[in-house]
Amino acid sequence: MPREVRGVPQQTVSATTLAHVDDPVYVSELPDSLARPDAHDKTDKQDDDTQWEFDPSNPRNWSALKKWTATTLVSFYTFLAPLGSSMMAPGLPDIALRYHITNPTVLALTLCVFLLSLAVGPLFIAPLSEMYGRVWVLHIGNLVFLTFNLACALAPTAGTFVGFRFLAGFAGSTPLAIGGGVISDLFAERDRASAMALYTMGPLIGPAIGPVIGGFISQSVGTQYVFYLITGLCGLAAVLAIPLLRETYAPLIRLRKSKHPTDPEKKAAAHTSAPQVPANKWNYLWVNISRPMLILTRSFICFVLSLYMALMYAIYYLMFATFPNLFSEVYHWSVGIGGLAYVGLGIGFLLSALLGAKISDKLYSRLVAKNDGRGKPEMRVPALIFGSFFVPVGLLWYGWSAQAGIHWIMPIIGTSIYGFGLMTTFLPIQLYLVDAFVYSASAIAAASFFRSFLGFVFPLFGEQMFNALGYGWGNTLLGGLAIVIGIPFPIWIYCAGERIRSRSALFQRPAESAG
C-alpha cells in the first residue's frame with residue numbers, strides 16, 4: 001500500500017513536480033519528504049546526473065553540426081516575428097487609406113498592437129516549453145503565426161485587422177520566449193556567446209530590414225502583399241524545421257528515457273517509480289505560468305536588466321514610428337526609398353554581431369582564466385558596460401543631426417552607432433539571464449514581456465514628444481535615461497551580483513554555473 005505524506009499518495013508525485021524543488025514558491029507546496037530528499041535519493045540522483053553528463057542523447061553532447069543546425073533553425077523562427085512586426089511600417093499611409101483611419105494614435109496602434117501581444121505571449125508560452133518541451137511548442141507557434149498573418153492580409157475592417165495583428169504577435173512570441181532556453185540546452189556557458197549572437201540577431205535585424213523590404217512592396221503592389229510574404233516565409237521555416245529540429249529540453253528527454261530504459265533492472269525500477277502526472281494539474285499549470293512574473297518581481301537583478309533592455313527596445317521602435325515623418329518631411333524621401341532609412345540600424349547590428357560576440361567571448365574567457373577556470377554570470381557584465389557607452393552617443397548624434405536637418409547620412413550614422421550599442425548590450429543581458437537563472441526560458445520570457453510592453457507604449461506618444469521637444473532634446477532625454485539605467489546598475493551587478501544570487505533559490509547554484 002503506498003505511503004502517504006500529508007495526505008498525498010506517493011505515486012501521484014511526479015518527476016516534473018520534483019523539478020520545481022528549487023522554486024521557492026513550489027517548495028512551500030511540497031511535502032517535507034519531497035522538499036528534503038533523503039541521502040539515498042540524493043545518491044541516486046547524483047549517479048543519474050553523472051550518467052546523463054556523458055549520455056549521447058544529452059543535447060550538449062550532440063555534434064557541432066547538429067547543435068548549429070538547431071541553433072540556425074530556432075534563429076530563423078525568431079527572425080520571422082520581429083520581421084512581421086515592422087515590415088508594414090512604411091505602408092502605414094496605405095493602411096490608413098484602406099481602412100479609412102484618420103486618428104494618428106489608432107494608426108500607430110495597428111503597428112504597435114503586435115508588440116503588446118509579443119509582451120503577453122512569453123508569459124504563457126515559455127512555461128509551457130518547460131512542461132512539454134521546446135520543439136512542438138515552437139512548431140505550433142509558427143503555424144499559428146502563419147495562419148494569422150494570412151488573416152491580416154484578408155481582414156475586411158480595421159477592427160479585425162488589429163485583432164488579427166494581436167493574435168499573430170501572440171503566436172509569433174513563441175521563439176522569442178523559448179529560443180534562449182534552447183541555446184542554454186545546447187551549449188555550456190563558455191560556448192554560448194556566438195550561438196546567442198546568432199539568436200539575438202533575429203529580434204534586432206528583423207525589424208531593421210523589414211521596413212526596407214516592406215517599403216518597396218507597399219509602393220509597388222500594396223501592403224497586403226507584405227503579409228503574403230511573411231506567410232510564405234513561415235511556411236518555408238516549417239518545411240525546414242519540422243523534420244530537422246529535435247527536442248533539446250533535458251528534463252523531458254530524461255523523462256522519456258526513464259519510460260523506455262534499455263537496462264532490464266532500470267526497466268523494472270521505472271515500472272514501480274515511473275513519473276506520473278501531478279494530481280492537481282491546474283495548480284501545476286499556474287505555478288509554471290506565473291513563474292516569469294515571479295522572477296521579474298522578486299529578482300531585482302532580472303528587473304533592472306529587463307528594464308534597461310526594455311528602454312533600448314522601446315527607443316528602437318520609437319524610431320520606427322518617427323522615421324517615416326522625418327525622412328519624408330525633412331529629407332523628402334518617397335515611401336520606397338524611405339525604407340532605406342532603416343539600413344543604418346542594420347549595419348550597426350551586423351558590426352555588433354561580428355565584433356560584439358568576439359569582445360564578449362574574450363572578456364569572459366579572460367575573467368574565467370583569472371578565476372581558475374570557473375565562470376560566473378557576472379563575467380558577462382563588462383561587455384554590457386562597454387556597449388552601454390555607445391547607446392547615448394548614437395541617440396545624441398541621431399537627434400541633433402535630424403534637428404539641424406543636415407545631410408541625411410548623419411542621422412543614419414547616428415542610428416548605426418545606436419544599433420551597435422543596442423546589440424552589444426542585448427547579448428550580455430541575454431547571456432546573463434540564461435547563465436544565472438534555474439529557469440532560463442522563464443527569465444528570458446520576463447525580459448521579453450518588459451521590452452515588448454515598452455515597445456508597444458513608446459510609439460503611441462513618440463510623435464507628441466518630438467513635436468514638443470524636437471528631435472534634439474527628445475533624444476537627449478532618452479539618452480539621459482539610458483545613462484542613468486545602463487551604466488551604474490550594471491556596475492552594481494558586477495560588484496554585488498554573486499552575493500545577491502547566493503541568497504535566492506531563483507538562481508543557479510555556483511556548482512551548476514561553473515565554466
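The values are calculated or read from the model by the stated rules, or taken from the named source; none is laboratory data. No experiment lies behind these values; they were computed from the predicted model shown. Heads up, the Cβs are rebuilt from the backbone with ideal geometry, glycines too, and the neighbour counts pull from every protein chain shown. What goes into the accessible areas is simple: the full protein's heavy atoms, side chains included, and nothing from ligands, DNA or RNA. Shrake-Rupley method; radii C 1.70, N 1.55, O 1.52, S 1.80 Å.
Kindly establish whether residue 174 is assigned to a helix (DSSP H, G or I), out of contact with any Cys (no Cβ under 9 Å at 6 or more places or on another chain), modelled with pLDDT of 90 or more and buried (at least 18 other Cβ atoms within 10 Å of the Cβ). Judged against the criteria, residue 174 is a match.
Residue 164 meets the conditions (1) touching a residue at least 12 places away in the same chain (Cβ under 8 Å); (2) touching a Lys or Arg at 6+ places or on another chain (Cβ under 9 Å) in every case but one. The failed one is (2).
Condition (residue is under 23 Å from residue 130 (Cα atoms) and either free of Cβ contacts under 8 Å to residues at least 12 places away in the same chain or among the small types (Gly, Ala, Ser) (or both)) applied to region 201-223: is it met by at least one residue? There is at least one residue in region 201-223 that is under 23 Å from residue 130 (Cα atoms) and either free of Cβ contacts under 8 Å to residues at least 12 places away in the same chain or among the small types (Gly, Ala, Ser) (or both). Out of 380, 366, one residue alone is among the basic types (Lys, Arg) and in contact (Cβ under 8 Å) with a residue 40 or more places away in the chain. It is 380.
A count restricted to region 440-481 and to residues that are among the hydroxyl-bearing types (Ser, Thr, Tyr) and more than 17 Å from residue 173 (Cβ to Cβ) stands at 2. Restricting the search to helices (runs of 4 or more DSSP H) fully inside region 187-268 and requiring at least 2 residues that are modelled with pLDDT under 90 and basic (Lys, Arg) gives 250-259.
When restricted to residues that are modelled with pLDDT of 80 or more and open to solvent by less than 80 Å² (accessible area, probe 1.4 Å), region 492-515 contains 5.
A quick yes/no check of all residues on (1) within 19 Å of residue 390 (Cβ to Cβ); (2) among the small types (Gly, Ala, Ser); (3) open to solvent by 10 Å² or more (accessible area, probe 1.4 Å):
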{"site": "435", "(1), (2), (3)": "no, no, no"}
{"site": "453", "(1), (2), (3)": "no, no, yes"}
{"site": "468", "(1), (2), (3)": "no, yes, yes"}
{"site": "482", "(1), (2), (3)": "yes, yes, no"}
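Just a yes or no: is a residue in region 187-207 closer than 30 Å to residue 102 by Cα, more than 19 Å from the chain's Cα centre (by Cα) and open to solvent by 10 Å² or more (accessible area, probe 1.4 Å)? Among the residues of region 187-207, not one is closer than 30 Å to residue 102 by Cα, more than 19 Å from the chain's Cα centre (by Cα) and open to solvent by 10 Å² or more (accessible area, probe 1.4 Å), which makes the answer no.
Residues checked against (1) more than 28 Å from the chain's Cα centre (by Cα); (2) at pLDDT 85 or above:
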| position | (1), (2) |
| --- | --- |
| 410 | yes, yes |
| 424 | no, yes |
| 445 | no, no |
| 481 | no, yes |
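Within 17 Å of residue 182 (Cα to Cα), in contact (Cβ under 8 Å) with a residue 24 or more places away in the chain and buried (at least 17 other Cβ atoms within 10 Å of the Cβ): does that describe residue 252? When the stated conditions are applied, residue 252 passes them.
Conditions tested, residue by residue: (1) at pLDDT 80 or above; (2) of a type outside the set (Val, Ile, Thr); (3) farther than 20 Å from residue 410 by Cα; (4) in contact with a Leu (Cβ under 8 Å, 6 or more places away or on another chain).
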residue: 283; (1), (2), (3), (4): no, yes, yes, no
residue: 297; (1), (2), (3), (4): yes, no, yes, no
residue: 301; (1), (2), (3), (4): yes, no, yes, no
residue: 320; (1), (2), (3), (4): no, yes, no, yes
residue: 327; (1), (2), (3), (4): yes, yes, no, no
residue: 331; (1), (2), (3), (4): yes, yes, no, no
residue: 334; (1), (2), (3), (4): no, yes, no, no
residue: 338; (1), (2), (3), (4): no, yes, no, no
